[in-house]
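K.L.:
Here's a structure for you.
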Amino acid sequence: MNRIDLEGRVAVVTGGASGIGTAIAQRYAASGACVAIWDIDGAAAQAAAAALPAVSGGTHAGFGLEVSDEASVDAATADTIAAMQRIDILCCSAGITGPNATTCDYPVADWKRVFDVNVHGVFLCNRAVVREMLKNDYGRVVNIASIAGKDGNPNASAYSASKAAVIALTKSLGKETARSGVRVNCVTPAAVRTPIFEQMTQQHIDFMLSKIPMGRFGGVDEIAAMVAWLSSEECSFSTGAVFDLSGGRAVY
């Protein structure tokens, strides 16, 4: 593993208690960052933080919050800064798939919940943390979108549309902060086998695999490797950009 230099940085990972978020938190810690794990399950966030490798000059921490609730996000931001002095890196990994159903049959309540977590949650976390980053004129934001946000997967319209919104939000915020020391980018993975697969039908999982030219799902460590570089000081001239991790699926 190449070691990206994140020494002395403070990183927040939403949804960091499982899946891709956990792999990113582990990679951050291995690169020298102090990590704050934000998750809807506060106990799981604390346990995941305790399991991270130790870093010199700081500690890790876990915080429970609801990313779709403004007051909860603002409180987590304040609590993290109080405990860890600042936030240099934000990775928004928290997300849900919603049910697999045609658009015509998609339950309205599920549509709204997918957008609450995947879009409003990213917006609220970006909004709260970037405000703090701008005070220090430095920050790195990486939002986890999806190749579905480019292609639009059938029977997953809410998820696809929500990830398209994350891409557009990233581009807008990246342009707004381009003259500062804050960089905002997103990654668009194809399917990665994580506990989120439990929310999908086997038919939909098979469909996603059939679209990947490499013939396999991505690994969480492969996602974390890209995210680590995007979170580093070396990522200095990329902002509002989209980085594919699709095993060859992406065509634009």
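The values are calculated or read from the model by the stated rules, or taken from the named source; none is laboratory data. Because the structure is a prediction, the values reported are computed rather than measured. Reconstructed Cβ throughout: ideal geometry from the backbone, glycine too, with neighbour counts over all protein chains shown. The protein model used for the area step is the full one, side chains on, heavy atoms only, and it has no ligands, DNA or RNA in it. Shrake-Rupley method; radii C 1.70, N 1.55, O 1.52, S 1.80 Å.
K.L.:
Among the listed residues ASP74, ASP5, which satisfies the condition of being part of a helix (DSSP H, G or I) and in contact (Cβ under 8 Å) with a residue 40 or more places away in the chain?
P.N.:
Numbers: ASP5 fails: part of a helix (DSSP H, G or I).
Within the list ASP74, ASP5, the selection yields ASP74.
K.L.:
Just the residues that are in contact with a strand residue (DSSP E or B) (Cβ under 8 Å, 6 or more places away or on another chain), of a type in the set (A, V, I, L, M) and not in a loop (DSSP other than H, G, I, E, B), please, taken from the range 227-252.
P.N.:
VAL227, LEU230, VAL242, LEU245 - these are the residues of the range 227-252 that are in contact with a strand residue (DSSP E or B) (Cβ under 8 Å, 6 or more places away or on another chain), of a type in the set (A, V, I, L, M) and not in a loop (DSSP other than H, G, I, E, B).
K.L.:
Is it true that LEU169 is farther than 24 Å from ASP110 by Cα, buried (at least 18 other Cβ atoms within 10 Å of the Cβ) and touching a strand residue (DSSP E or B) at 6+ places or on another chain (Cβ under 9 Å)?
P.N.:
Answer is no for this residue.
K.L.:
How many residues does the range 226-249 contain that are open to solvent by 30 Å² or more (accessible area, probe 1.4 Å) and over 18 Å from LEU90 (Cβ atoms)?
P.N.:
Going through the range 226-249 one residue at a time, the tally reaches 4.
Conditions (1) over 13 Å from the mean Cα position of the chain (by Cα); (2) under 24 Å from LEU245 (Cβ atoms), marked per residue:
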{"site": "PRO107", "(1), (2)": "yes, no"}
{"site": "VAL129", "(1), (2)": "yes, yes"}
{"site": "ASP137", "(1), (2)": "yes, no"}
{"site": "ASN143", "(1), (2)": "no, yes"}
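K.L.:
Moving on. Only one of THR103, THR97 is closer than 22 Å to ILE167 by Cα, of a type outside the set (Asp, Glu) and surrounded by fewer than 18 Cβ atoms within 10 Å (Cβ to Cβ); which? Write out each step before concluding.
P.N.:
Details: THR97 fails: surrounded by fewer than 18 Cβ atoms within 10 Å (Cβ to Cβ).
Sole residue among the options that is closer than 22 Å to ILE167 by Cα, of a type outside the set (Asp, Glu) and surrounded by fewer than 18 Cβ atoms within 10 Å (Cβ to Cβ): THR103.
K.L.:
Does any residue of the range 124-135 turn out to be open to solvent by 60 Å² or more (accessible area, probe 1.4 Å), in contact (Cβ under 8 Å) with a residue 12 or more places away in the chain and over 22 Å from GLY21 (Cα atoms)?
P.N.:
Scanning the range 124-135, I find at least one residue that is open to solvent by 60 Å² or more (accessible area, probe 1.4 Å), in contact (Cβ under 8 Å) with a residue 12 or more places away in the chain and over 22 Å from GLY21 (Cα atoms), so the answer is yes.
K.L.:
If you don't mind, there's one more thing I want to ask. Scan the range 202-216 residue by residue and report those that are open to solvent by 60 Å² or more (accessible area, probe 1.4 Å) and either touching a Leu at 6+ places or on another chain (Cβ under 9 Å) or not hydrophobic (A, V, I, L, M, F, W, C) (or both).
P.N.:
GLN202, GLN203, ASP206, SER210, LYS211, PRO213, ARG216
K.L.:
Another question, then. Take the conditions touching an Asp or Glu at 6+ places or on another chain (Cβ under 8 Å), modelled with pLDDT of 95 or more, open to solvent by less than 40 Å² (accessible area, probe 1.4 Å) and within 23 Å of SER18 (Cα to Cα) and apply them to VAL142. Does it pass? Break it down into steps so the answer makes sense when it comes.
P.N.:
Values: touching an Asp or Glu at 6+ places or on another chain (Cβ under 8 Å): no; modelled with pLDDT of 95 or more: yes; open to solvent by less than 40 Å² (accessible area, probe 1.4 Å): yes; within 23 Å of SER18 (Cα to Cα): yes.
For VAL142, the condition - touching an Asp or Glu at 6+ places or on another chain (Cβ under 8 Å), modelled with pLDDT of 95 or more, open to solvent by less than 40 Å² (accessible area, probe 1.4 Å) and within 23 Å of SER18 (Cα to Cα) - is not met.
K.L.:
List the residue pairs whose Cβ atoms are under 7 Å apart, where the first residue sits in the range 36-54 and is in contact (Cβ under 8 Å) with a residue 40 or more places away in the chain and under 16 Å from ILE20 (Cβ atoms), the second is open to solvent by less than 30 Å² (accessible area, probe 1.4 Å) and part of a helix (DSSP H, G or I), and the two are 6 or more positions apart or on different chains.
P.N.:
If the second residue must be open to solvent by less than 30 Å² (accessible area, probe 1.4 Å) and part of a helix (DSSP H, G or I), the pairs left are TRP38/ALA45; TRP38/ALA76; ASP39/ALA45.
K.L.:
Another one. Restricting attention to the range 20-62, which residues are among the aliphatic types (A, V, I, L, M), outside any loop (DSSP other than H, G, I, E, B) and open to solvent by less than 10 Å² (accessible area, probe 1.4 Å)?
P.N.:
So in the range 20-62, the residues among the aliphatic types (A, V, I, L, M) come out as 20, 23-25, 29-30, 33, 35-37, 40, 43-45, 47-52, 54-55, 61.
Next, from what is left, pick out any that are outside any loop (DSSP other than H, G, I, E, B): 20, 23-25, 29-30, 35-37, 43-45, 47-50, 61.
Once the filter is applied, which keeps residues that are among the aliphatic types (A, V, I, L, M), outside any loop (DSSP other than H, G, I, E, B) and open to solvent by less than 10 Å² (accessible area, probe 1.4 Å), the range 20-62 yields ALA23, ILE24, ALA25, ALA29, VAL35, ALA36, ILE37, ALA45, ALA49.
K.L.:
Here is a further query. Specify which of the listed residues (SER56, SER68) is farther than 21 Å from ILE196 by Cβ and polar (S, T, N, Q).
P.N.:
Details: SER68 fails: farther than 21 Å from ILE196 by Cβ.
It is SER56.
K.L.:
Counting only residues that are small (Gly, Ala, Ser) and either over 17 Å from the mean Cα position of the chain (by Cα) or assigned to a strand (DSSP E or B) (or both), which one in the range 8-19 is surrounded by the fewest Cβ atoms within 10 Å (Cβ to Cβ)? Reasoning before the result, please.
P.N.:
Let us first name the residues in the range 8-19 that are small (Gly, Ala, Ser), namely 8, 11, 15-19.
Within this subset, residues satisfying the condition of being either over 17 Å from the mean Cα position of the chain (by Cα) or assigned to a strand (DSSP E or B) (or both) are 8, 11.
On the way: GLY8: 13, ALA11: 29.
Per the criteria, the residue is GLY8.
K.L.:
Is there a residue being in contact with a Leu (Cβ under 6 Å, 6 or more places away or on another chain), open to solvent by less than 20 Å² (accessible area, probe 1.4 Å) and either touching a residue at least 40 places away in the same chain (Cβ under 8 Å) or closer than 27 Å to ASP5 by Cβ (or both) anywhere in the range 107-118?
P.N.:
Our first condition is that a residue be in contact with a Leu (Cβ under 6 Å, 6 or more places away or on another chain); within the range 107-118, this holds for none.
No, the range 107-118 contains no residue that is in contact with a Leu (Cβ under 6 Å, 6 or more places away or on another chain), open to solvent by less than 20 Å² (accessible area, probe 1.4 Å) and either touching a residue at least 40 places away in the same chain (Cβ under 8 Å) or closer than 27 Å to ASP5 by Cβ (or both).
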